[in-house]
Each structure stands twice: as C-alpha cells, then as structure tokens.
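Novice: A single structure is presented below for examination.
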Amino acid sequence: MSTNIVVLSGSPRKNGSTERLVQEFIAGAREAGKAVTEFRVADLKIAPCLGCGSCHQSGICVHEDDMPQILDALRSADALLFASPIYYWNVTAQLKTAIDRFYSSLRVNPMTVKRAALILTSGNAAPDTCEGAIITYKRICKHQNWEDAGIVAAQSLHAAAMLDGRAELEQARELGRKL
Ligand SMILES: Cc1cc2nc3c(=O)[nH]c(=O)nc-3n(C[C@H](O)[C@H](O)[C@H](O)COP(=O)(O)O)c2cc1C
C-alpha cells in the first residue's frame, strides 16, 4: 500500500513562495508513488481551540467547522508535511490554529502519522528567523512520537519568482520523495 501523506499548507497567499515549494514537494511525493492530500488551511473555516476539554471525553470538538476533514485525513495518514511562511518568527496563525485543534485527537481516535517534515519561507535572511517555528515543530514531533524526516527553510523571499534557480526547489522535491 502506498504511503499516504497529508500536507497542511499555512500560507494565505495562493501563488506565493510557500505554495511553490509545496507543489515541488507534492510532485516529488507523487513521483515516488505516494498519495498526497493537501489542505490549504487559510481557505478553510477553522476556529481556535477554546480549551474546554470536552473533546478529551468525546473525541469531538464543540466547534462545527472544517477541522474534521483534516483530522479524518490524519487518522489514516502515514506522514504529515507542515508548510508555512514565517509570520513574526513563527508559523502563520492559520496553521497554528489548525495545530491546536489536534488536541481533540490526543486521547480519542488518534492520528496514524509516523513521520513529519517542515517547509518554511521567510523574508529575512537571518538564521534565527526560523528558530521559533523549528523549535515548535520539533517539540510537536517529540510529543506525538513522530520521526522528523527533514526541514527545508528558504529565506530572503518576498515573491515566488525569487525561488527561480534556488536549491530549495529540489530540496522540497527530494523531501517529498523521501517522506
Ligand atoms: C504578517 C507578516 C509577517 C511576517 N513576518 C516575518 C518575520 O517575522 N520574519 C521574516 O523573515 N519574514 C516575515 N514575513 C515575510 C514572509 O515570511 C515571506 O515573505 C514569505 O516568503 C511569504 O510567503 P508566501 O509567499 O507563501 O506568502 C512576514 C510577512 C507577513 C505578511
């Protein structure tokens, strides 16, 4: 059976740098015979967690929104790619909001994910720009017992065209092949 990958893509910009790298990743994954489902979280209705804890009894969140689509996919996925531009030293609020909603699958009906990977883009070139997002990602992997299969961080970007000729395009494709 082929590897089943879920992509959570956190950029609100449809033709931006993050999406370009995500498309390379997906092309690499499909070349390697993997099945990929991409969710552009900014296009979905996903409400922030209220911390009410009722999902820990029922497995069902009190919000009625699009999050069950993602959680259902993660309950039959082998691997998960997070992708996001850096907004104020971390992933976008749209992606973090979806991640917080993983809470409802911690105790009841858990995810089947075994491996994860991360794609980041940033405007700034400073090496510590992506640090906050990478620390968050690595802590989540440890908490969920997911293997970290790799990180591609492409910096100094303000438009997708600025990726022309850059090594991160092939790195994203290779990440797709191996995840
Ligand atoms: C609200 C906002 C916050 C941002 N914060 C940062 C930041 O803290 N550090 C940085 O290097 N770039 C920052 N950027 C720039 C984006 O991370 C960068 O241009 C990214 O490549 C955009 O990805 P996209 O084309 O997928 O939208 C910010 C952009 C926006 C719109």
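Every number in this text was worked out from the coordinates using simple rules, so none of it is lab data. Everything quoted here is computed from the prediction, not taken from an experiment. For neighbour counting, all protein chains shown are included, and Cβ atoms are generated from backbone atoms with ideal geometry for every residue, glycine included.
Novice: For K14 and V108, compute 0.36 nm times the residue count separating them, minus their Cα-Cα distance, and round to one decimal in nm.
Specialist: Length difference between fully extended and current span is 30.5 nm.
Novice: For every helix of n ≥ 4 consecutive DSSP H residues, a contribution of -39,500 (n - 2.57) applies; sum these over the chain, divide by its total residues, and give [θ] at 222 nm rounded to the nearest 500 deg cm²/dmol.
Specialist: -10000 deg cm²/dmol
Novice: Could you name the aspartates and glutamates whose alpha carbon sits less than 15 Å from that of K14, not counting residues in the same chain fewer than 8 places away?
Specialist: E24, E38, D43
Novice: Moving to a separate point now. Quote the relative contact order of the chain in percent (integer), defining contacts as alpha-carbon pairs under 8 Å separated by 6+ residues.
Specialist: 31
Novice: Sticking with this one: Once you list every other residue whose beta carbon is under 12 Å from the beta carbon of P48, what net charge do they have if Lys and Arg are +1 and Asp and Glu are -1?
Specialist: +1
Novice: Once you have the Cα-Cα distance between E64 and K138, take 0.36 nm times their residue separation minus that, and quote the gain in nm to one decimal.
Specialist: Between E64 and K138, full extension yields 23.7 nm more.
Novice: What is the order of Y88, Y137, fewest Cβ neighbours within 10 Å to most?
Specialist: So the residues, fewest neighbours to most, are Y88, Y137.
Novice: In what order do C52, C61 fall by count of nearby beta-carbon atoms within 10 Å, going from fewest to most?
Specialist: Arranged by neighbour count, lowest to highest, C52, C61 become C52, C61.
Novice: What net charge do the residues around E174 carry, taking every other residue with its C-beta under 14 Å from that of E174, with Lys and Arg at +1 and Asp and Glu at -1?
Specialist: Surrounding charge for E174 is +2.
Novice: Taking only Cα atoms, what is the 0 to 90° angle, nearest 10, from helix 17-31's long axis to the longest principal axis of the chain?
Specialist: Result, in degrees: 80.
Novice: Let me ask something additional. If I stretch the segment between S2 and R75 completely, what's the gain in nm (0.36 nm per residue apart, minus their alpha carbon distance), one decimal?
Specialist: Using 0.36 nm per residue and subtracting the Cα-Cα distance, I get 24.7 nm.
Novice: Tabulate in residue order the Karplus-calculated ³J(HN,Hα) for the stretch 128-138, using 6.51 cos²θ - 1.76 cosθ + 1.60 with θ = phi - 60°, rounded to whole Hz; enter x for Gly and Pro.
Specialist: Here the 3J(HN,Hα) series is 7, 4, 8, 4, x, 5, 5, 4, 4, 4, 5 Hz.
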